[in-house]
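Taking it in order: structure first as structure tokens, then the write-up.
Values in this text are rule-based calculations from the coordinates and carry no lab data. Everything numeric in this text was worked out from a predicted model, so none of it was measured. We place every Cβ from the backbone using ideal geometry, glycine too, and count neighbours over all the protein chains shown.
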Amino acid sequence: MTDDQLKEVLHRAFARPEPDDPGGDLWTQVAARCDEAPRWSYVDLGLFAGACAALALFPDWIWLLAYHL
Amino acid sequence: MQDEPDGELLRRFAHGDRDAFEALFRQFEREVYRWILRIVREPGVAEDALVEAFWRAYRGRARFDPSRSFGAWMRRIATNCALDQLKATQRRRWVSLPREPVGRVPPSQDSTRGEPGPAMPGRLTTFELADNIRHAFAKLPPKLRIVATLALIEELPHAEIADALGVPLGTVKSRLFRATRELRAELTRLGIQT
């Protein structure tokens, strides 16, 4: 199968999705999302816990942390 | 690409003016939605990504330079949101059972839905063929899939894809090469002549 044939096969399999516009007014969702308090992800919590643990074990590393902040 | 909003509106947005943000949302909503839809190809998913994209834009407004193109900045954010949606979709698919190659049907049972493709042996029904191709495509890693979607299906210039993804042109080309190779391998595994 040549590249052109592969493209043709993909065009057959993937029709252009419809509709072309959002279903409703999404501004209310965006505005509500912007008003939400910041959420902590598991990655944030993990990093914070790791930093606390590292500082508890090696207090001198506070300078290293301060440098990166 | 939309006309660029005036500088005063962009400066107000960068300073956190909610009315300015809404005006920008109204102006760019459709363009951003259509862009995301071209990548994720599901209207519901595209709407979620749109909300996420504008929220990220609002959150990162202080980093926006009003002298630069808002449309280009927004497109890059939207592309990242679409990519995250592809990753989330793929994670959900991990729990589904892996597909085995579909058995071929005799040509006499071939579906009449659509014309058979030139490189297809004519033994899978058109529906099965399209389904298998979509499945093979969905198995591509999201970073390759997004490039393959934009380059092979949407046929966008590589430079435009690179700009939207924020990666060098060479990265787009290498990802496209890998995507094509993996796609061919998966189609072969599914019993489709490549």
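For chain A, take the longest principal axis of its alpha carbons; what is the angle in degrees between that and the long axis of helix A:3-13, to the nearest 10 within 0 to 90? Approximately 90 degrees, to the nearest 10. From the square roots a ≥ b ≥ c of the eigenvalues of the alpha-carbon gyration tensor of region A:1-51, which class results: rounded (a/c under 1.5), prolate (a/b over b/c), or oblate? Taking the square roots of the gyration eigenvalues as a ≥ b ≥ c, region A:1-51 is oblate. By the count of other C-beta atoms within 10 Å, a proxy for reagent exposure, A:Val43, A:Val30 are ordered fewest to most as A:Val43, A:Val30. Taking other Cβ atoms within 10 Å as a rough exposure proxy, A:Cys52, B:Cys81 sort from fewest to most as A:Cys52, B:Cys81. Among B:Thr188, B:Thr149, A:Thr2, B:Thr125, the ranking by other beta carbons within 10 Å of each residue's beta carbon, starting with the fewest, stands as A:Thr2, B:Thr188, B:Thr125, B:Thr149.
Calculated mean residue ellipticity, 222 nm, the protein assembly as shown: -20000 deg cm²/dmol, from DSSP H runs (n ≥ 4) at -39500 (n - 2.57) each, averaged per residue and rounded to 500.
Need the C-alpha centroid separation for region B:150-186 versus region B:1-33, integer Å. Taking the Cα centre of each part, region B:150-186 and region B:1-33 sit 29 Å apart. Lys/Arg Cβ at +1, Asp/Glu Cβ at -1, dipole of chain A taken about the Cα centre: which of A:Val9, A:Ala51, A:Ala37 is farthest positive-ward? It is A:Ala51.
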